[in-house]
Amino acid sequence: MWGSLTLADTPDPVKESTTGMSFPSVLQDSQRLLGIGLRKKSIFGLKNIDVYAFGVYADGGELQSYVSEKYGTVSVSELKEKELKEDLLESDISMTVRLQIVYGKLSIKSVRSAFEESVGSRLKKFEEADNSDLLQRFTSLFKDEYKLPRGSTIELARHRGHVLHTKIDGKEVGCIESKVLCRSIFDLYIGNEPFDSKAREDVERSLASLLQ
Ligand code: DAO
Ligand code: DAO
């Protein structure tokens with residue numbers, strides 16, 4: 001559809017193809033949309049539901065300075081797309097994943113338990129130590145009174161110093177400083193076993209194109 005262009009080159013909002021959810025091409029003035037995808041979940045082993053569509057964003061300028069500091073004069077074409085993605089995961093370049101809820105009957109209870117399963121397994125993978133405190137601190141931000149009807153947006157944004165800010169429909173609900181929590185969350189979207197491998201490929205290609 002884009003020919004050789006990537007999502008990072010388009011000025012217009014982009015629609016996730018299965019759900020039609022639309023994602024702005026730029027967030028917070030400087031973060032570019034790099035990839036979009038879909039989070040599904042099978043319930044009771046019976047059927048797959050589309051839970052949310054997501055967009056992955058990062059700051060192109062910060063990425064450029066990070067890469068030129070780290071690799072000096074090495075030309076971008078010599079860097080592998082996968083290495084760039086690894087750099088993005090490990091660094092504290094400004095980055096956001098925006099979730100747009102598709103499933104209309106999401107309860108906070110099911111968000112909490114899905115989170116413990118998905119993020120919990122990543123925390124275990126990246127850190128030996130017991131992470132239950134960290135999980136607990138994050139899930140305690142999910143107050144029972146929050147509602148997440150279809151169309152709600154959640155933004156999980158990493159700021160300088162590995163501080164993760166969470167917003168629901170544009171309103172900040174909390175922030176937590178933790179490198180491993182940031183790493184674990186972004187790993188769900190662009191790590192080795194992502195929710196949607198097409199999104200991860202989008203991101204890899206967009207990163208390479210941002211550095212051209
Ligand atoms: O109604 O019990 C049910 C099925 C709900 C599945 C929920 C999956 C939740 C995934 C995480 C959402 C994060 C915003
Ligand atoms: O899809 O399994 C997953 C993980 C999604 C991360 C969801 C974080 C939700 C944080 C805000 C919820 C507030 C009620």
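Given the conditions (1) away from ligand 1 (no atom under 16 Å from the Cβ); (2) acidic (Asp, Glu); (3) touching a Ser or Thr at 6+ places or on another chain (Cβ under 9 Å), report the number of the one that Asp50 does not fulfil.
(1)
Just checking, which of Lys109, Lys47, Lys105 is within 16 Å of ligand 2 (Cβ to nearest atom), open to solvent by 70 Å² or more (accessible area, probe 1.4 Å), within 27 Å of Gly20 (Cβ to Cβ) and not aliphatic (A, V, I, L, M)?
Lys105
Touching a strand residue (DSSP E or B) at 6+ places or on another chain (Cβ under 8 Å) and away from ligand 2 (no atom under 16 Å from the Cβ): which single residue out of Ser68, Ser25, Ser42 fits that description?
Values: Ser68 fails: touching a strand residue (DSSP E or B) at 6+ places or on another chain (Cβ under 8 Å); Ser42 fails: away from ligand 2 (no atom under 16 Å from the Cβ).
That would be Ser25, the only listed residue that is touching a strand residue (DSSP E or B) at 6+ places or on another chain (Cβ under 8 Å) and away from ligand 2 (no atom under 16 Å from the Cβ).
Test Glu90 against the stated conditions and say whether it is away from ligand 2 (no atom under 15 Å from the Cβ), over 30 Å from Asp12 (Cβ atoms), under 20 Å from the mean Cα position of the chain (by Cα) and of a type in the set (Asp, Glu).
Yes.
Of all the residues that make up the stretch 152-181, how many are in a helix (DSSP H, G or I), more than 16 Å from ligand 1 (Cβ to nearest atom) and closer than 19 Å to Val111 by Cβ?
Residues flagged as in a helix (DSSP H, G or I), more than 16 Å from ligand 1 (Cβ to nearest atom) and closer than 19 Å to Val111 by Cβ within the stretch 152-181 amount to 0.
Would you point out which residue out of Ser140, Ser110, Ser152, Ser132 is within 20 Å of Val56 (Cβ to Cβ) and not aromatic (Phe, Trp, Tyr)?
Ser152
Please determine whether any residue of the stretch 84-100 is over 22 Å from Ser30 (Cβ atoms), within 16 Å of ligand 1 (Cβ to nearest atom) and open to solvent by less than 40 Å² (accessible area, probe 1.4 Å).
The answer is no, given that none of the residues of the stretch 84-100 is over 22 Å from Ser30 (Cβ atoms), within 16 Å of ligand 1 (Cβ to nearest atom) and open to solvent by less than 40 Å² (accessible area, probe 1.4 Å).
Just one of the numbered conditions (1) farther than 25 Å from His159 by Cβ; (2) open to solvent by less than 50 Å² (accessible area, probe 1.4 Å); (3) modelled with pLDDT of 90 or more is not true of Ala53; which one?
Here Ala53 clears every test but (1).
To keep it simple, each residue is scored yes or no on (1) open to solvent by 60 Å² or more (accessible area, probe 1.4 Å); (2) modelled with pLDDT under 95; (3) in contact with a Lys or Arg (Cβ under 8 Å, 6 or more places away or on another chain); (4) of a type in the set (A, V, I, L, M, F, W, C).
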position: Phe138; (1), (2), (3), (4): no, yes, no, yes
position: Phe142; (1), (2), (3), (4): no, yes, yes, yes
position: Leu164; (1), (2), (3), (4): no, no, yes, yes
position: Lys167; (1), (2), (3), (4): yes, no, no, no
position: Pro194; (1), (2), (3), (4): no, no, yes, no
position: Glu201; (1), (2), (3), (4): yes, yes, no, no
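Among the residues in the stretch 120-129, are any of a type outside the set (Asp, Glu), within 16 Å of ligand 1 (Cβ to nearest atom) and in a loop (DSSP other than H, G, I, E, B)?
No: zero hits.
For the stretch 93-102, what are the residues that are touching a residue at least 60 places away in the same chain (Cβ under 8 Å) and within 14 Å of ligand 2 (Cβ to nearest atom)?
Of everything in the stretch 93-102, those that are touching a residue at least 60 places away in the same chain (Cβ under 8 Å) and within 14 Å of ligand 2 (Cβ to nearest atom) turn out to be Thr96, Val97, Arg98, Leu99, Gln100, Val102.
Please work out if Leu33 is in contact with a Leu (Cβ under 7 Å, 6 or more places away or on another chain) and not in a helix (DSSP H, G or I). Please lay out each step first, then the result.
On the way: in contact with a Leu (Cβ under 7 Å, 6 or more places away or on another chain): yes; not in a helix (DSSP H, G or I): yes.
So Leu33 fits the description; yes.
Report, ordered by the first and then the second residue, all pairs with beta carbons closer than 8 Å, sequence separation of six or more or different chains, a first member in the stretch 112-132 that is under 23 Å from Tyr52 (Cβ atoms), and a second member that is outside any helix (DSSP H, G or I) and modelled with pLDDT under 90.
Arg112/Phe142; Phe115/Phe142; Gly120/Asn131; Leu123/Asn131
The values are calculated or read from the model by the stated rules, or taken from the named source; none is laboratory data. Predicted model only: the values in this text are computed from it and were never measured. A quick note on method: Cβ atoms are made from the backbone with ideal geometry, for glycine too, and the neighbour counts reach across all protein chains shown. Surface accessibility is based on the protein's heavy atoms, side chains included, excluding ligands, DNA and RNA. Shrake-Rupley method; radii C 1.70, N 1.55, O 1.52, S 1.80 Å.
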